[in-house]
Each structure stands twice: as C-alpha cells, then as structure tokens.
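Before any comments, here is the structure.
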Amino acid sequence: MSIVENIKRLSKEKGTTIPKLGMELGFGNGAIYNWDKSSPSIDKIQKVAEYFKESVDVVLYGFELTRFEELFRIIMNKRTCEQFANDSSIDLDIVENYAFGITTEKPPLDLVKKLASSNPYKLIVDDESLFAAAGYKLEEIGSNPLDDIPLELLHHYQEQGMSESEMAVAYAKFREAELQDVMNEPDTIAAHHDGEIQINTIPDWATSKDKLDFKKFLEQDAELMFDGKPMSEESRQRILGYVEGLFWEAKELNKKARSKKQSDNT
C-alpha cells in the first residue's frame, strides 16, 4: 500500500479524513494526497505517526516493518535461508526478502500463518505479537487460537480456570517443549506398539518438523486387522515397517517436488 493509502486507513479507523488531518497538523487542505508523488519530510511523517499514536513504519509501510524483520530473524535463529525455507515451506526468495531487509511490502496473511506455525520460540515471539507486527488484528487471522489445542488438553486448561489467553500461552509452551524433545532425538524415535518398543531410524535429511510429524503419525496408529481379526504381533510389526517406510518416502518426494518447483521458478 502507498503512504496515502496507509494514512487513509488510519484516518478511517480514527474517524477522521485526510483533509481534516492535514488541516489539524498544519499541512493544508489536501496536501497529503500529493505525498505519493513527492516524498514528505521525516518531520511531517513523524507528526502523522504521533497523531495516530503509531510508529513511522506503520505510516510509511502499513505495518511494523522493522519489528517484523526482527521477529522473523529470531524465528529463523541460526538456520540458513535455505534451511528455514525448507523447514517452514516458505519460498526461499520470500525468506531472503525479510531476512535481509530487501522488501518493504506488507507480508501476506498466509505467509505470517506459515511463519507462526514453524516458530519454535513462542515464549519469545508469541503469535499475537507476530501478527500485530505484520499489520494484522486478531479478528483478521480467521481462526481461533484455541482450535489447535487437543480437546483433552483444552478440558484440562478449563478445569484449571484459565482464561483464553492463558490457555494459548500454556499450549504454546507445551508445543515448544514437545518440539524440543523431538529435536533432541537426532537419529531415532521410540514407537510404542502394544507395550513393545520399536526403534525407528530417521533419515538424515529429516527436519525437526518432519520428526514431529512422524511422532504424531505413530501416535495415531490404529489397530491393524485382517479378515476381521487382529493381526499377529509379527505381522503387525512387518506392516508397520512398510507403512513407516512409505511415510518417509512420501516426505522425501514432497521435498524434491517443492525443490524442483522453486528451481523452475528461478
């Protein structure tokens, strides 16, 4: 959005108009409309920002650009742009744009959602702060932050008398701890089948998100039947081995397809 469009939106939210704003700040009637053609001085931008009680970034770009870039880099942590693009399914060019401060475009809502879903540091960068920095209000996100909480855990939080915001924070901590547990298991994951523990080898290319997906896949395992009767444990383990192999094969094919698509677009 242009600077005039940003000021028009801010004026509407405050119940005023651009001509009234210009007169109140001593710029003259309609002077602000020319700012897309001739850049105003920083002093004038600062006056508009103070009037709306917003940052200069919000007036210029429509969102907290500097803050969003800071949060983006915190979520990336020490990962390279290529690693982060792979982990988050965000296009590499877009990752580089915000990691290196190349663009001033407001990030699309879908991008911010992807960033939030791949954020392992929610105690540092909570979803509300991330969306706010990107220029989105909670009602624009389009989903209830409690929707992702498993029903059993949600009931537990409710029994504790937690507010919705407290539940969201508690679940963010739970998810961070869960992801950290998986990240600490570099080569294997222990899968429990009928009291037996089976060690599954994880491919070298698997990311922490892949491992968490695999863990959830195992937890959702249903009883295996043949001709209406439960399979023997030996047959069960053999079938599970095949299914787990297919899981990693599908993951690898998806990654290769995504990589090829990115290569074709360059």
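Given q = 0.17, 0.23 Å⁻¹, what are the Debye log10 I(q)/I(0) values for region 1-65, with equal point scatterers placed on the Cα positions and solvent ignored?
Taking Cα atoms of region 1-65 as identical point scatterers yields -0.48, -0.95.
Lys/Arg Cβ at +1, Asp/Glu Cβ at -1, dipole of region 8-104 taken about the Cα centre: which of Thr17, Val56, Ser39 is farthest positive-ward?
Of the listed residues, the answer is Thr17.
Got a number for carbon plus sulfur as a percent of region 1-160's accessible area, 1.4 Å probe?
After summing per-atom areas, the C and S share lands at 50 percent.
Calculated FRET efficiency, Phe174 and Lys12, Cβ-Cβ r, R0 30 Å, to nearest 0.05?
Efficiency at R0 = 30 Å is approximately 0.15.
Roughly how much of Lys256 is accessible, in Å² to the nearest 10, using a 1.4 Å probe?
120 Å²
Efficiency by 1/(1 + (r/R0)^6): what FRET value for Met162 and Lys78, r their Cβ-Cβ distance, R0 = 30 Å, to the nearest 0.05?
Using R0 = 30 Å, I get an efficiency of 0.35.
I'm a student and want to see the number: the projected area of the Cα convex hull of region 10-127, averaged over all directions, in nm².
Computing the convex hull of the Cα atoms and averaging its projections yields 8.6 nm².
Counting only heavy atoms of protein chains, what accessible area per residue, in Å², does region 34-131 have with a probe of 1.4 Å?
For region 34-131, the per-residue accessible area is 53 Å².
The values are calculated or read from the model by the stated rules, or taken from the named source; none is laboratory data. Since we're looking at a predicted model, the values are computed, not measured. Note that each Cβ is placed from the backbone with ideal geometry, even for glycine, and that neighbours are counted across all protein chains shown. To get the accessible areas, we keep the full protein, side chains included, count just its heavy atoms, and leave off ligands, DNA and RNA. Shrake-Rupley method; radii C 1.70, N 1.55, O 1.52, S 1.80 Å.
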